[in-house]
1. Kindly list the number of the only condition in (1) part of a strand (DSSP E or B); (2) surrounded by 15 or more Cβ atoms within 10 Å (Cβ to Cβ) that fails for residue 9.
2. What is the residue count in the range 181-197 for residues that are open to solvent by less than 20 Å² (accessible area, probe 1.4 Å) and under 17 Å from the mean Cα position of the chain (by Cα)?
3. Before we move on, is residue 20 in contact with a helix residue (DSSP H, G or I) (Cβ under 9 Å, 6 or more places away or on another chain), assigned to a loop (DSSP other than H, G, I, E, B) and acidic (Asp, Glu)?
4. Inspect all residues belonging to the range 166-175 and state whether any of them is over 20 Å from the mean Cα position of the chain (by Cα), open to solvent by less than 80 Å² (accessible area, probe 1.4 Å) and modelled with pLDDT of 90 or more.
5. Within the range 55-66, does at least one residue satisfy the condition of being touching a strand residue (DSSP E or B) at 6+ places or on another chain (Cβ under 9 Å), assigned to a loop (DSSP other than H, G, I, E, B) and more than 30 Å from residue 182 (Cβ to Cβ)?
6. Can you name every residue in the range 51-89 that is in contact with a Lys or Arg (Cβ under 8 Å, 6 or more places away or on another chain) and not hydrophobic (A, V, I, L, M, F, W, C)?
7. Could you please let me know if residue 107 is in a loop (DSSP other than H, G, I, E, B), open to solvent by 50 Å² or more (accessible area, probe 1.4 Å) and touching a residue at least 24 places away in the same chain (Cβ under 8 Å)?
8. Within the range 152-163, is even one residue in a strand (DSSP E or B), open to solvent by less than 20 Å² (accessible area, probe 1.4 Å) and in contact (Cβ under 8 Å) with a residue 24 or more places away in the chain?
Amino acid sequence: MNQKNLEYLKDQIKFTGFGEGMENALKEKMEKGETEFTLSHNVKYGNDFVSANLNFKKSDQGDMYFFNSYKMSLEKEQSKEVLAQTFYINKDNNITAKEAYNLMEGRAVNKDLKNREGELYNAWIKLDFKETDGNGNFKLNHYHQNYGYDLAGSLAKHPIKELENEKYKDDLLNSLKKGNVQSVIFTIDGVEKKQFVEANPHFKTINVYDGSMQRVNNRESKEQKQNESEGKSAGKDVKIKPDSDTDVSEPGEKGKRRRNKQTNSI
């Protein structure tokens, strides 16, 4: 067994968000010398049950193993439908387990990516549950910097207390960029109230929810919210391939398709 390869894979698994609990199982599989193997990981996010199968394959030219992809399945509480997607692993900039969950929940994630030429660029990414490619895979919409989404500017339009402190503001921005729904304090007429916010790059705004996670802003139309609901119910078991995405230029446009190798960050 290649010890350096083992250490590298352990770190790769850890920094992709799957923790350190797979070390013994990983070592056992590598010692057996199997051509391919899978490791399983289960976790709960709130009341949602998430399982992931991590896929490894041995090199044809040596004893090196590669962590190629993971298939994540999301089961919502009191729902019989299971949403499943495959995320591919590269040398760096991978989509973490929590980011994958956030994407599967229909939220957007901000990533530093690479194009086919290896050039870095920044973009918000979001699954399109209503559109699939020829292989039945969901489209991954990209909102590039020139799309004009200003997260900080969108937050500044609301009376959010955390924006008054630079550290709290940075923490809030970083959390939203990972696709999280983040709790904040709204100060209205001197009264503080707990709310929740999430990034919405497509409409260049943020979504605001009350303490019961009910929408309280009206920036998005009823039609859009209905489309999002219909889109989520349409997807059950699909794969996201790193070379299939949509480049969004303006809201409402279908965008033009680009074929490139997607790499994602932690």
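The values are calculated or read from the model by the stated rules, or taken from the named source; none is laboratory data. What you are looking at is a predicted structure, and each value in this text was computed from that prediction instead of being measured. Using ideal geometry, Cβ is built from the backbone for each residue, glycine included, and neighbour counts are taken over all protein chains shown. To get the accessible areas, we keep the full protein, side chains included, count just its heavy atoms, and leave off ligands, DNA and RNA. Shrake-Rupley method; radii C 1.70, N 1.55, O 1.52, S 1.80 Å.
1. (1)
2. Step one: list which residues in the range 181-197 are open to solvent by less than 20 Å² (accessible area, probe 1.4 Å), which gives 184, 186, 195, 197.
When the remaining residues are screened for being under 17 Å from the mean Cα position of the chain (by Cα), the result is 197.
Going through the range 181-197 one residue at a time, the tally reaches 1.
3. Details: in contact with a helix residue (DSSP H, G or I) (Cβ under 9 Å, 6 or more places away or on another chain): yes; assigned to a loop (DSSP other than H, G, I, E, B): yes; acidic (Asp, Glu): yes.
Criteria met by residue 20.
4. Applying the first criterion (over 20 Å from the mean Cα position of the chain (by Cα)) to the range 166-175 yields 166-169.
In the following step, the residues that additionally are open to solvent by less than 80 Å² (accessible area, probe 1.4 Å) were identified as 169.
Narrowing further to those that are modelled with pLDDT of 90 or more: 169.
Among the residues of the range 166-175, at least one is over 20 Å from the mean Cα position of the chain (by Cα), open to solvent by less than 80 Å² (accessible area, probe 1.4 Å) and modelled with pLDDT of 90 or more, which makes the answer yes.
5. Yes.
6. 53, 55, 65, 68, 71, 81, 85, 86, 88
7. Numbers: in a loop (DSSP other than H, G, I, E, B): yes; open to solvent by 50 Å² or more (accessible area, probe 1.4 Å): no; touching a residue at least 24 places away in the same chain (Cβ under 8 Å): yes.
So residue 107 fails the test.
8. Let us first name the residues in the range 152-163 that are in a strand (DSSP E or B), namely 160.
Adding the requirement that they be open to solvent by less than 20 Å² (accessible area, probe 1.4 Å) leaves 160.
Within this subset, residues satisfying the condition of being in contact (Cβ under 8 Å) with a residue 24 or more places away in the chain are 160.
Yes, there is a match, as at least one residue in the range 152-163 is in a strand (DSSP E or B), open to solvent by less than 20 Å² (accessible area, probe 1.4 Å) and in contact (Cβ under 8 Å) with a residue 24 or more places away in the chain.
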